[in-house]
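Novice: This is the structure, below, for whatever I ask next.
The values are calculated or read from the model by the stated rules, or taken from the named source; none is laboratory data. Only a predicted model underlies this, so the values are computations on that prediction, with no experimental measurement involved. Glycine gets a Cβ as well: all are built from the backbone with ideal geometry, and neighbour counts include every protein chain shown. Calculation scope for accessible area: heavy atoms of the full protein, side chains included, ligands and nucleic acids excluded. Shrake-Rupley method; radii C 1.70, N 1.55, O 1.52, S 1.80 Å.
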Amino acid sequence: MTDTAATGNNFIRDKIQRQIDAGELRGSEVQLRFPPEPNGYLHIGHAKSICLNFGLAEHFGGKCNLRFDDTNPAKEDLEYVDSIQDDIHWLGFDWSGEIHYASGYFDTLYDYALHMIDNGDAYVDSLSPDEAREYRGTLTEPGKNSPYRDRSPTENRQLFEAMRSGELEEGSCALRAKIDMASPNMNMRDPIMYRIRKVPHHQTGDKWCIYPSYDFTHGQSDALEGVTHSLCTLEFEDHRPLYEWFLTKLPVPAQPQQTEFGRLNINYTVTSKRKLRLLVDQGHVAGWDDPRLSTITGMRRRGYTPAALGNFCEAIGVGRSDGVVDMSMLEHAVRGDLDKNAPRAMCVLDPLKVIITNYPADQSEEFIAAGHPNRDDLPSRTLPFSRELYIEQDDFREEANKKFKRMVIGKKVRLRNGYVLLAESCVKDTVGNIVEVHCSYDADTLGNDPADGVKPKGVIHWVDAKAGKRATVRLYDRLFNDPTPDRGEGEYLDKLNPESLRVVENCWIEPSLADAAPEDRFQFERTGYFVADKLDHSADKPVFNRTIGLRDSWASQGSA
RNA sequence: UGGGCCGUCGCCAAGUUGGUAAGGCUCGGGGUUUUGAUCCCCGCAUGCGCAGGUUCGAGUCCUGCCGGCCCAGCCA
């Protein structure tokens with residue numbers, strides 16, 4: 001069982017199922033939506049939301065649409081509108097119907113605002129932002145009514161229209177809902193419905209200079225789209241009374257219900273758009289798609305797969321507590337999918353030359369190696385072999401105890417997919433570094449154990465020195481040394497892991513790898529999972545990113 | 001010291017009307033293996049934040065504490 005896709009916990013799925021069982025709605029009527037604000041790149045937390053929303057729609061045979069929650073043009077950009085679509089598609093989902101934009105409802109929302117003004121449920125407040133803050137009160141003290149709170153519907157209408165026409169300055173006034181300045185729920189203390197922002201919008205251009213707030217937009221947008229279940233994270237729980245209040249005050253076509261779930265946090269990484277942006281802007285990483293980032297595009301470049309992310313989201317479940325998931329869970333999901341699907345290949349990262357003294361210099365041959373140990377549907381590959389090859393420095397020792405199952409002088413070791421070798425001697429440079437190992441090979445050991453019945457304990461990977469190709473390999477490690485860089489503000493930049501990226505030039509890869517296309521994934525046997533870089537890889541200059549190492553019980557036991 | 005929410009094994013997380021603690025991750029032990037990988041077995045909470053109470057019986061009900069998260073943007 002490499003994944004638990006069928007058993008993940010999800011209280012929302014259960015809740016909808018109960019509603020269906022109770023005959024309150026049909027599965028085909030389930031309507032969800034994924035509502036990102038296009039102000040940054042999507043990250044692993046969004047992946048959870050995407051898998052939840054689109055996954056629920058698939059599960060019940062309902063629908064899920066994409067809606068950009070674009071009510072704050074000052075922070076948004078078309079670049080993000082595009083990247084978000086790419087990320088959703090890459091994850092394997094597609095939205096039903098056309099893409100929706102909250103900005104597409106601006107006309108309707110404006111009419112809704114007028115409706116509320118006419119009913120005495122909204123007023124134009126001329127308090128400055130600073131004054132408004134003072135009037136709002138504090139967490140323990142009630143706020144007080146604005147002196148402009150009792151303006152007549154007629155006056156409010158004129159003022160609101162003036163706001164819209166551009167006659168009024170930013171900050172000079174705002175449209176607010178008339179609810180209760182003494183409410184213990186801060187969100188109900190006459191929340192802002194519209195504010196003046198004289199900036200162009202990426203979708204509506206300069207048509208508007210007033211923009212609706214999240215609270216006045218989200219629920220109505222949901223209703224307009226016929227959304228039955230509006231899912232959001234826990235911090236919006238306090239907004240639910242307001243979400244429902246607007247819905248009861250307006251002639252909306254549906255009554256969506258908001259349900260909150262716990263945000264996803266993973267240790268050793270950050271999932272806050274603000275913090276991610278800072279890492280990018282200050283150059284701590286190479287961009288939004290840096291493989292060390294938990295952005296979807298970054299994980300993609302790192303070599304993670306959509307299936308791995310989906311399995312991970314299913315495995316962590318959906319609940320209402322705000323915990324921190326172990327990075328090991330994500331890694332488990334990634335290894336699980338890659339182990340099942342990634343073709344095998346060999347790559348030597350830290351080369352040590354081996355010369356097979358009893359193998360003729362002018363001779364060579366080709367081995368056929370399986371593409372995958374337990375999948376014959378993956379094509380096999382050809383491994384050229386000759387007198388000289390490279391193995392990993394770490395795989396050789398002049399002498400070692402029995403626990404070391406690799407190449408040791410006087411001992412036998414098996415070349416993966418090849419012969420059994422007997423190490424005889426090694427050559428050192430003037431400072432004592434081992435630069436070459438001399439061995440003899442046993443010609444009868446291709447596919448069988450040595451005739452003497454002594455089976456080598458170890459198997460090592462290798463690359464033929466003549467036929468092998470050079471490659472650059474980028475070894476990634478966690479971006480932060482601290483398990484919770486996301487906690488609190490500031491100082492998370494001090495917790496950056498200075499060794500999060502190690503670039504290794506001049507690695508040796510088996511020739512079959514020269515055919516790799518960007519984004520092709522492999523398991524370099526005994527080393528880890530790697531992906532040909534999406535942007536920098538080419539047959540002439542191969543570049544592989546390490547997605548994740550293999551589990552290594554030997555290393556974790558403290559080697560020898 | 002206002003309001004809302006949360007607290008079950010190191011980490012996620014089940015536990016519908018009280019009936020005697022799922023599963024996954026991690027970790028430890030063993031088996032298979034031309035990847036010290038995968039895979040396969042086995043082990044890992046007499047206890048469910050704490051303290052009382054109700055009950056034949058409570059993680060599930062009651063009371064009181066303790067701890068954590070969110071809210072005072074004309075951000076979402």
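To keep it simple, each residue is scored yes or no on (1) farther than 29 Å from A:Leu278 by Cβ; (2) touching a helix residue (DSSP H, G or I) at 6+ places or on another chain (Cβ under 7 Å); (3) part of a strand (DSSP E or B).
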position: A:Arg470; (1), (2), (3): yes, no, yes
position: A:Asp494; (1), (2), (3): no, no, no
position: A:Val503; (1), (2), (3): no, no, yes
position: A:Ser512; (1), (2), (3): yes, no, no
position: A:Glu519; (1), (2), (3): no, no, no
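Novice: Considering segment A:224-236 alone, what residues qualify as being surrounded by 16 or more Cβ atoms within 10 Å (Cβ to Cβ) and either charged (D, E, K, R) or more than 16 Å from RNA strand B (Cβ to nearest atom) (or both)?
Specialist: Applying the first criterion (surrounded by 16 or more Cβ atoms within 10 Å (Cβ to Cβ)) to segment A:224-236 yields A:224-225, A:227-232, A:236.
Selection gives A:Glu225, A:Thr228, A:His229.
Novice: Go through segment A:194-204 and give me each residue that's in a strand (DSSP E or B) and within 26 Å of A:Glu79 (Cβ to Cβ). I'd like the intermediate steps shown before the answer.
Specialist: Of segment A:194-204, the ones in a strand (DSSP E or B) are A:194-196, A:201.
Scanning segment A:194-204 gives A:Arg195, A:Ile196, A:His201.
Novice: Among what's in segment A:435-466 and is open to solvent by 40 Å² or more (accessible area, probe 1.4 Å) and of a type in the set (A, V, I, L, M, F, W, C), pick the residue that is nearest to RNA strand B (Cβ to nearest atom).
Specialist: Among residues in segment A:435-466 that are open to solvent by 40 Å² or more (accessible area, probe 1.4 Å) and of a type in the set (A, V, I, L, M, F, W, C), the one nearest to RNA strand B (Cβ to nearest atom) is A:Val459.
Novice: Another question, if that's okay. Just to be sure I understand the filter: pairs with C-beta atoms under 7 Å, separated by 6 or more residues or on different chains, first member in segment A:207-220 and touching a residue at least 12 places away in the same chain (Cβ under 8 Å) and of a type in the set (Asp, Glu), second member more than 7 Å from RNA strand B (Cβ to nearest atom) and open to solvent by less than 10 Å² (accessible area, probe 1.4 Å). Which pairs pass?
Specialist: A:Asp215/A:Leu242
Novice: Under the condition of being touching a Lys or Arg at 6+ places or on another chain (Cβ under 6 Å) and in a loop (DSSP other than H, G, I, E, B), which residue from segment A:521-560 is nearest to RNA strand B (Cβ to nearest atom)?
Specialist: A:Glu525
Novice: Still on this model: In segment A:418-463, how many residues are of a type outside the set (Gly, Ala, Ser) and within 19 Å of A:Arg526 (Cα to Cα)? Outline the logic, then answer.
Specialist: Step one: list which residues in segment A:418-463 are of a type outside the set (Gly, Ala, Ser), which gives A:419-422, A:424, A:426-431, A:433-439, A:441-442, A:444-446, A:448-450, A:452, A:454-457, A:459-463.
Now drop any that are not within 19 Å of A:Arg526 (Cα to Cα), which leaves A:419-421, A:456-457, A:459-463.
Summing the residues that are of a type outside the set (Gly, Ala, Ser) and within 19 Å of A:Arg526 (Cα to Cα) in segment A:418-463 gives 10.
Novice: Return the total of residues in segment A:20-42 being at pLDDT below 95 and in contact with a strand residue (DSSP E or B) (Cβ under 9 Å, 6 or more places away or on another chain).
Specialist: 0
Novice: Still on this structure, please answer the following. Out of segment A:80-102, which residues are touching a Pro at 6+ places or on another chain (Cβ under 8 Å) and open to solvent by 50 Å² or more (accessible area, probe 1.4 Å)?
Specialist: Residue satisfying the conditions is A:Gly92 alone.
Novice: Sticking with this one: Would you mind finding the one in A:Tyr214, A:Tyr243, A:Tyr194 that is within 8 Å of RNA strand B (Cβ to nearest atom), at negative phi, crowded, with 16+ Cβ neighbours inside 10 Å and of a type in the set (Phe, Trp, Tyr)? Working first, answer last.
Specialist: Numbers: A:Tyr243 fails: within 8 Å of RNA strand B (Cβ to nearest atom); A:Tyr194 fails: within 8 Å of RNA strand B (Cβ to nearest atom).
None of the others qualify; the one that does is A:Tyr214.
Novice: Would you say A:Leu338 is within 13 Å of RNA strand B (Cβ to nearest atom), in contact with a helix residue (DSSP H, G or I) (Cβ under 8 Å, 6 or more places away or on another chain) and not in a helix (DSSP H, G or I)? Reasoning before the result, please.
Specialist: Details: within 13 Å of RNA strand B (Cβ to nearest atom): yes; in contact with a helix residue (DSSP H, G or I) (Cβ under 8 Å, 6 or more places away or on another chain): yes; not in a helix (DSSP H, G or I): no.
Considered against the rule, which asks whether it is within 13 Å of RNA strand B (Cβ to nearest atom), in contact with a helix residue (DSSP H, G or I) (Cβ under 8 Å, 6 or more places away or on another chain) and not in a helix (DSSP H, G or I), A:Leu338 comes out as no.
Novice: Quick check on my filter: what residues within segment A:124-146 are assigned to a loop (DSSP other than H, G, I, E, B) and in contact with a strand residue (DSSP E or B) (Cβ under 9 Å, 6 or more places away or on another chain)?
Specialist: Those that are assigned to a loop (DSSP other than H, G, I, E, B) and in contact with a strand residue (DSSP E or B) (Cβ under 9 Å, 6 or more places away or on another chain): A:Ser126, A:Leu127, A:Ser146.
Novice: Return the pairs, sorted by first residue and then second, in which the second residue is open to solvent by 20 Å² or more (accessible area, probe 1.4 Å) and in a helix (DSSP H, G or I), the first residue lies in segment A:122-134 and is farther than 12 Å from A:Asn145 by Cα, the beta carbons are less than 6 Å apart, and the residues are 6+ apart or on different chains.
Specialist: That search, which allows pairs on different chains as well, returns A:Val124/A:Leu159.
Novice: Hey, any hits in segment A:184-193 for a residue that's assigned by TED's automatic domain parsing to the domain that holds A:Arg136, assigned to a helix (DSSP H, G or I) and closer than 23 Å to A:His115 by Cα?
Specialist: To start, the set of residues in segment A:184-193 that are assigned by TED's automatic domain parsing to the domain that holds A:Arg136 comprises A:184-193.
Add one more test, that the residue is assigned to a helix (DSSP H, G or I), and what stays is A:186-188.
Within this subset, residues satisfying the condition of being closer than 23 Å to A:His115 by Cα are A:187-188.
Yes.
Novice: Being surrounded by fewer than 17 Cβ atoms within 10 Å (Cβ to Cβ) and farther than 25 Å from A:Ile391 by Cβ is the requirement here; does A:Lys541 meet it? Let's see the steps before the verdict.
Specialist: Values: surrounded by fewer than 17 Cβ atoms within 10 Å (Cβ to Cβ): yes; farther than 25 Å from A:Ile391 by Cβ: no.
Criteria not met by A:Lys541.
Novice: Go through segment A:305-326 and give me each residue that's near RNA strand B (Cβ under 9 Å from one of its atoms) and among the hydrophobic types (A, V, I, L, M, F, W, C).
Specialist: Hits for segment A:305-326 are A:Ala315, A:Ile316, A:Val318, A:Val324, A:Val325.
Novice: Whether any residue in segment A:34-57 is more than 13 Å from RNA strand B (Cβ to nearest atom) and over 26 Å from A:Val334 (Cα atoms) is what I want to check.
Specialist: no
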